[in-house]
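All remarks here apply to the structure that follows.
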Amino acid sequence: MATCMVSRIAGAYSASLWHSSSRGTRLQAFRVQAKSSSPSVVVTREKGKNQKLMNILHSHGISSLELPLIEHREGPDLDKLPSFIREGMFDWIVITSPEAASVFLDGWRKAGFPEARLAVVGVGTGQVFEKVELENTKLSIDFVPSKANAKILAEELPKLLNGREKVLYPASAKASNELEMGLSARGFEVIRLNTYSTEAVKFIDSSILEIAISSPVVALASPTAVRAWVDVIDVSTWSGAAACIGQTSAVAAQKAGLKRVFYPENPGIEGWLQSIIEALEETQGSKVTA
């Protein structure tokens, strides 16, 4: 059952937020399928990175359409990353998203596979390292916070006994400074490198967009995706619901004027699925069998 969470959001905004407890060929195929009826969920991550969610939705009998709204581009500090990793002067390297993890891994390989102690924001981000950990024991995930967000990570990151308390934070240029501020307040020295940026795509197929807008639920995984979505719909008349991967995206969606916004208490693919199901139930007025 969806629960109204306005009181959890700073400022207690007027619209409601709910949280749950807990390319080419493919697009053509979905376009054909959707001629008779729109898919239930529009998935909006970067091209090529929606398949896992789409497979999970399919396994629950939920149809989906891929409409990439964002793309990742190189950040201004990307070239600096290998040398910072190679120096090994950090107690922790903090990774707060799957894309940040992928970018870090590229830099780590260029640095010559040095030892590194990682703190990751959550299970989804940590999964990017699973195969690498099996292959190379020099890379270890030594900390995951009790809740997958930057605020809790900053509050819970352990201090080690060597006295340096130095953190490397390879991040999106669009990420807030919440993590740095939280760690600095606890006495950590934080070096942030803006290694990539998340931007709205420059072109969207109008025929795909028409189908997407008629679908009842859109799945959004970042504030950038939220902004890209509201740029292509009429917020005042769109009757669908947004299922966000976490609270940060949910707050952005609410601020952007979306009226029905769902998000999981703990960010991640399982919670996101539950939020999608609740959003579908809200828009369809009936129980979703999954």
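Observations on the structure shown:
- Residues located in region 94-115, provided they are touching a strand residue (DSSP E or B) at 6+ places or on another chain (Cβ under 6 Å), open to solvent by 10 Å² or more (accessible area, probe 1.4 Å) and of a type in the set (A, V, I, L, M, F, W, C): VAL103
- Sole residue being assigned to a strand (DSSP E or B) and modelled with pLDDT of 95 or more, chosen from VAL261, VAL230: VAL261
Listed here are the residues, each with its yes/no results for (1) part of a helix (DSSP H, G or I); (2) at pLDDT below 95.
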| residue | (1), (2) |
| --- | --- |
| GLU71 | no, yes |
| LYS80 | yes, no |
| ILE93 | no, no |
| GLY124 | yes, yes |
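- Filtered by the rule that a residue be among the acidic types (Asp, Glu) and either farther than 10 Å from ARG192 by Cβ or in contact with a Pro (Cβ under 8 Å, 6 or more places away or on another chain) (or both), region 166-182 gives a lone residue, GLU178.
- Cross-chain or 6+ apart pairs with Cβ under 9 Å, region 48-61 first and within 11 Å of ALA219 (Cβ to Cβ), then open to solvent by less than 60 Å² (accessible area, probe 1.4 Å) and among the acidic types (Asp, Glu): ASN50/GLU66; MET54/GLU66
- Every residue from region 268-290 that is modelled with pLDDT under 80, touching an Asp or Glu at 6+ places or on another chain (Cβ under 7 Å) and more than 21 Å from ILE213 (Cα to Cα): LYS287
Each row is one residue, and each column tells you yes or no for (1) in contact with a Cys (Cβ under 8 Å, 6 or more places away or on another chain); (2) among the charged types (D, E, K, R); (3) modelled with pLDDT of 95 or more; (4) at negative phi.
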position: GLY163; (1), (2), (3), (4): no, no, no, no
position: SER176; (1), (2), (3), (4): no, no, no, yes
position: MET181; (1), (2), (3), (4): no, no, yes, yes
position: VAL218; (1), (2), (3), (4): no, no, yes, yes
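- Screening LEU193, LEU168 for residues that are touching a Lys or Arg at 6+ places or on another chain (Cβ under 7 Å), assigned to a strand (DSSP E or B) and under 30 Å from ASP79 (Cα atoms) leaves exactly one candidate, LEU193.
- Checking ALA241 against (1) crowded, with 19+ Cβ neighbours inside 10 Å; (2) closer than 18 Å to ILE56 by Cα, the condition it does not meet: (2)
- Annotation: of all residues in region 54-76 being in contact with a Lys or Arg (Cβ under 8 Å, 6 or more places away or on another chain) and of a type in the set (D, E, K, R), the one that is most open to solvent (accessible area, probe 1.4 Å) is GLU71.
- Out of LYS166, LYS159, sole residue that is of a type in the set (Lys, Arg) and exposed (fewer than 15 other Cβ atoms within 10 Å of the Cβ): LYS159
- Of all residue pairs spaced 6 or more apart or on separate chains, those with beta-carbon atoms under 6 Å, a first member in region 228-256 that is farther than 21 Å from ALA150 by Cβ and a second member that is among the basic types (Lys, Arg) are ALA241/ARG260.
- For region 244-282, a residue qualifies if it is β-branched (Val, Ile, Thr) and surrounded by fewer than 17 Cβ atoms within 10 Å (Cβ to Cβ), and exactly one does: ILE269.
- Among (1) of a type in the set (Ser, Thr, Tyr); (2) surrounded by 21 or more Cβ atoms within 10 Å (Cβ to Cβ); (3) modelled with pLDDT of 90 or more - the single one SER20 does not satisfy: (3)
The values are calculated or read from the model by the stated rules, or taken from the named source; none is laboratory data. Predicted model, so just to flag it, every value in this text is computed and none were measured. When we count neighbours, we look across all protein chains shown, and the Cβ atoms used for this are built from the backbone with ideal geometry, even at glycine. The protein model used for the area step is the full one, side chains on, heavy atoms only, and it has no ligands, DNA or RNA in it. Shrake-Rupley method; radii C 1.70, N 1.55, O 1.52, S 1.80 Å.
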